[in-house]
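Heads up: the structure comes next, in C-alpha cells.
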Amino acid sequence: MVLAYQARGMDASGALQQAQITPAQLKKPGGRITAAQMEVISGAAMRELDDEGLGCFVRPLPWGSYGMLARASLSSPTLGLALKRWCRHHGLLAPDVTLAVEVEGEVASIALHLHRDLGPMAELCAVSLLRNIHGLASWYVDSRVALLGAQFPYAAPRHAEAYAVLFDGPTQFDAGHAAIHFDARYLGLPVRRDEAAMNQLLQRALPLTVRSFRRDRLLVQRVRQILASRPQDAHNANALAALLNTSPRTLHRQLKDEGASLQSLKDEVRRRLATDLLLRTKRPIKQVAEAAGFQNEKSFIRAFKGWTGQSPGEWRGE
C-alpha cells in the first residue's frame, strides 16, 4: 500500500498514523499488524488514493467500485451465478486480470490470471482480490465458505506462515496462477441477502476481507461426506477437525448451531455404511466394522445392537 502512495507521489504517513503503524514497524522484516489495523490502513488508503484496487491496476477503481460489483450480483438466485457475474463485471473495470469460476468434479475454484507483470504489487493484488471475493461469497450465503486450499504464482514470501491465517487449507506457491479452492456444493447455496442488508454492508464492508465467517451452512454435509469416504481417518473429533481445518471445539460448536452433533452424525453414517455392506456383500463382520469406521468388532456389534436390537449376524440372517 505504501508503494501505491509512492507511485502517485503521495505521502502514506497519515494513513499509517491512523492505523497506528510506526515507521519502525514498517521497516521491520518480521513486523506484524492486527486485523483491526489492516482494516484501518486499507480503508484510509482506498479513500486517500480514491482507488479500491490500491494501485494494482492500470486505472484506479474509484471508491465505491466494489460496492457496485457486489450490488450488481445481489439478485442472483445462487452463489455460483453471483460469483460468475462478479468475476465478469470485475473484468470490465480492471482488464489487467481475469477472474473466473471453475468447477472440476467436486471442487470449485475462483481462478485469478494476471495479464501483465505487477512486480512488487503482485502479492497485494492476488491476496486482496481473492480475500475480497471469498469474503463476499460468504456474506452472500450467510455462511463460511471453507477453503480446501489456495495457490499463488510467485515464490513463497518470507511471511509465508501468515497465509495460514488468510486462507484455509494448504497454500501452494510458484503455481501457474492464483486461485482458491472449495467444495463445489457451496455454489448451489441460495443468495440470502437483500437490498437492506447490502446497504448495511456497504457502511462497513472491509471486515469481509479481513475477518472470516464462523458459521458453515454446509458443515453437516461436509462432516457426513468425510465420515463416509474416510471413516478410518475421522474416528474422533480431533482427527475430523484437522481434516476440516478447524479446532475440535469450533467443530462441536458449529454442529450444535446447525442442530446436529458429531456422535449423531457418526451413528447415522456408520449405520448406513454398515447396513449397506451387510446387505450387499458377504464380507465378514470384522471387515464390515472396519469399513464403517469402528476401531474393533466388539464396539461395532455393541453399536449395531443399539441401532437395531440385533447383532449384525442376526440382522443379516446368518
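The values are calculated or read from the model by the stated rules, or taken from the named source; none is laboratory data. Just so you know, these numbers come straight off a predicted model, no measurement behind them. For neighbour counting, all protein chains shown are included, and Cβ atoms are generated from backbone atoms with ideal geometry for every residue, glycine included.
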Got at least one residue in segment 119-131 being basic (Lys, Arg), in contact with a helix residue (DSSP H, G or I) (Cβ under 6 Å, 6 or more places away or on another chain) and in contact (Cβ under 8 Å) with a residue 12 or more places away in the chain?
yes
Residue that is surrounded by the fewest Cβ atoms within 10 Å (Cβ to Cβ) [pool: residues in segment 107-123 that are out of contact with any strand residue (DSSP E or B) (no Cβ under 8 Å at 6 or more places or on another chain) and part of a loop (DSSP other than H, G, I, E, B)]:
ASP117
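Considering only segment 178-187, I want to know if a residue exists there that is under 15 Å from the mean Cα position of the chain (by Cα), under 30 Å from ILE33 (Cα atoms) and part of a loop (DSSP other than H, G, I, E, B).
If we filter segment 178-187 for residues that are under 15 Å from the mean Cα position of the chain (by Cα), which is where we start, we get 178-187.
Add one more test, that the residue is under 30 Å from ILE33 (Cα atoms), and what stays is 178-182.
From the residues that got through so far, the ones that are part of a loop (DSSP other than H, G, I, E, B) too are none.
Within segment 178-187, not a single residue is under 15 Å from the mean Cα position of the chain (by Cα), under 30 Å from ILE33 (Cα atoms) and part of a loop (DSSP other than H, G, I, E, B).
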Residue under question is LEU206, and the condition is that it be in the same structural domain as VAL141 (by TED's automatic domain parsing) and either at pLDDT below 90 or farther than 20 Å from PRO170 by Cα (or both); does it hold?
yes
Just to confirm my filter: which helices (runs of 4 or more DSSP H) fall fully inside segment 215-318 and include at least 1 residues that are more than 24 Å from GLU106 (Cα to Cα)?
237-243, 248-257, 262-280, 285-291, 297-308, 312-316
Just the residues that are closer than 19 Å to MET121 by Cα and of a type in the set (Val, Ile, Thr), please, taken from segment 1-32.
VAL2
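Of everything in segment 83-101 that's without any contact (Cβ under 8 Å) to a residue 12 or more places away in the chain and not basic (Lys, Arg), which residue is nearest to ASP174 (Cα to Cα)? Spell out the reasoning first.
From segment 83-101, those without any contact (Cβ under 8 Å) to a residue 12 or more places away in the chain are 88, 91-92; that's our starting set.
Imposing the further condition that a residue be not basic (Lys, Arg) reduces the set to 91-92.
Details: GLY91: 24, LEU92: 27 Å.
Applying the filter and picking the extreme gives GLY91.
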Please find, within segment 1-39, the residue that is surrounded by the most Cβ atoms within 10 Å (Cβ to Cβ) out of those that are at pLDDT below 90 and part of a loop (DSSP other than H, G, I, E, B).
ILE33
Which one of these is surrounded by fewer than 13 Cβ atoms within 10 Å (Cβ to Cβ) and in contact (Cβ under 8 Å) with a residue 40 or more places away in the chain: GLN254, GLN232, GLN263?
GLN232
Qualifying position, being over 30 Å from SER109 (Cα atoms) and either among the acidic types (Asp, Glu) or not assigned by TED's automatic domain parsing to the domain that holds GLN200 (or both), among ARG8, ARG32:
ARG8
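Within the bounds of segment 140-151, is there any residue that is farther than 12 Å from LEU112 by Cβ and assigned to a helix (DSSP H, G or I)?
Going through segment 140-151, the residues farther than 12 Å from LEU112 by Cβ turn out to be 140-149.
Subsequent filtering for residues that are assigned to a helix (DSSP H, G or I) retains 140-141.
Yes, that holds for at least one residue.
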Search result, residues across segment 42-56 that are surrounded by 15 or more Cβ atoms within 10 Å (Cβ to Cβ) and farther than 18 Å from ALA162 by Cα
GLY43, ALA44, ALA45, MET46, GLU48, LEU49, ASP51, GLU52, GLY53, LEU54, GLY55, CYS56
